[in-house]
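Just so it is clear, none of the values below were taken in a lab; they were calculated from the coordinates. Only a predicted model underlies this, so the values are computations on that prediction, with no experimental measurement involved. Ideal geometry is used to build each Cβ from the backbone, glycine not excepted, and the neighbour counts take in all protein chains shown.
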Amino acid sequence: MPYRFTFDLSRIPRFFFTELTTAAYQRGMHRKVSKTVQDIIKTFKIQEATGLNLSDAVTLLEDLIDAQARNLIERERFVQTQRRALLLPHCSRKFMDNRCKASFDPKIPSYICAHCSPDCQVGKAEVLAKKRGYDVYILPGGSCIPKILNANHYEGVIGVACGEEIKTGVETLRAMDISGQSVPLMKNGCANTAFNIENLSKIL
Ligand code: SF4
Ligand code: SF4
């Protein structure tokens, strides 16, 4: 399910992500978070940059911190896994119309990237992950995840998605005892969305 608000954090200074990581680490260690979410929102002028009201900005940052905290807690187990998959969201494709030359295979279910655009994030992520031995899926929605996971026996799964979809995915992975890592979208909206490819590369 998408957020009921849209945001774009793709131009926020990199230091913002360092602050989020620090907060996530403290949360993962069950320590008191030194800077509150409201402090971070104020310091980085998140409301001005995104146009979000305070409550939505808090929801967004809490989800980003929780996702990062889960990554940290799960990291050790994840690196031990052998058979892995990367789940990418269709909304980060460069094109959402027929300029995207990917075909869709409902049997998997996944788009099959045709690598039509060298600057497409999904295309780049697919190449990166396949080089590292991952199976890659480009999903039209989170409801495809159980079918893919039931048909394969992955030990580790990385999901790129908005915070709401990550939460649903985490529950699915937990129920199947699969180790997970996530990369939250930095720009949502269900079309022309964006994620940080360097962040994905580190997690892969
Ligand atoms: S690179 Fe792949 S996913 Fe991106 S627009 Fe082209 S076919 Fe679609
Ligand atoms: S932003 Fe992307 S990942 Fe999130 S619900 Fe919309 S299509 Fe799915």
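Considering only Ala85, Ala129, Ala161, the Gaussian network model of the chain with Cα springs below 10 Å gives its largest mean-square fluctuation to Ala129. Relative to the dominant Cα principal axis of the chain, helix 54-79 is inclined by about 60°. With the cut-off at under 16 Å, measuring from each backbone N in region 95-129 to a point 7 Å along the Cα-to-Cβ line of Ala151 picks out 103-113. The Cα center of region 54-89 and the Cα center of region 161-198 differ in position by 7 Å. Amide H contacts under 5 Å for Ile138: Leu88, Tyr111, restricted to partners 5 or more places along the chain or on a different chain, H placed in the peptide plane at 1.01 Å from N. Taking every DSSP beta bridge that has both ends in region 1-147, the antiparallel portion is near 45%.
Please say if region 36-115 is rounded, prolate or oblate, where rounded means a/c under 1.5 for a ≥ b ≥ c the square roots of the C-alpha gyration tensor eigenvalues, and otherwise the choice is prolate for a/b larger than b/c and oblate otherwise? The shape class here is oblate. Please work out whether region 125-165 counts as rounded, prolate or oblate from its C-alpha gyration tensor, where a ≥ b ≥ c are the square roots of the eigenvalues and a/c under 1.5 means rounded, while otherwise a/b larger than b/c means prolate and anything else oblate? Taking the square roots of the gyration eigenvalues as a ≥ b ≥ c, region 125-165 is oblate. Name the residues of region 160-204 whose amide N is less than 17 Å from a point 7 angstrom out from the Cα of Phe104 along the C-beta direction? Within reach of a label on Phe104: 190-193. Run the paramagnetic zone check for Asn192: 7 angstrom along Cα to Cβ, then residues of region 41-76 with backbone nitrogen under 17 Å. Residues 50-51 fall inside that zone. The distance between label points at Lys130 and Phe5 comes to 3.9 nm (points 7 Å beyond Cα on the Cα→Cβ vector). Measuring against 20 Å, Cα to Cα, the residue pairs Lys45/Lys94; Lys45/Lys187; Lys94/Lys187; Lys107/Lys167 contain Lys45/Lys94; Lys107/Lys167 as the ones spanning a longer distance.
First check a/c for region 99-204, with a ≥ b ≥ c the square roots of the eigenvalues of its C-alpha gyration tensor; if it is under 1.5, answer rounded, and if not, answer prolate when a/b is larger than b/c or oblate otherwise.
Details: a/c = 1.41, a/b = 1.26, b/c = 1.12.
Because its axes are fairly even, with a/c under 1.5, region 99-204 counts as rounded.
Semi-axis lengths, largest first, of the ellipsoid equivalent to the chain are 27, 21, 14 Å, with √(5λ) applied to each eigenvalue of the Cα gyration tensor.
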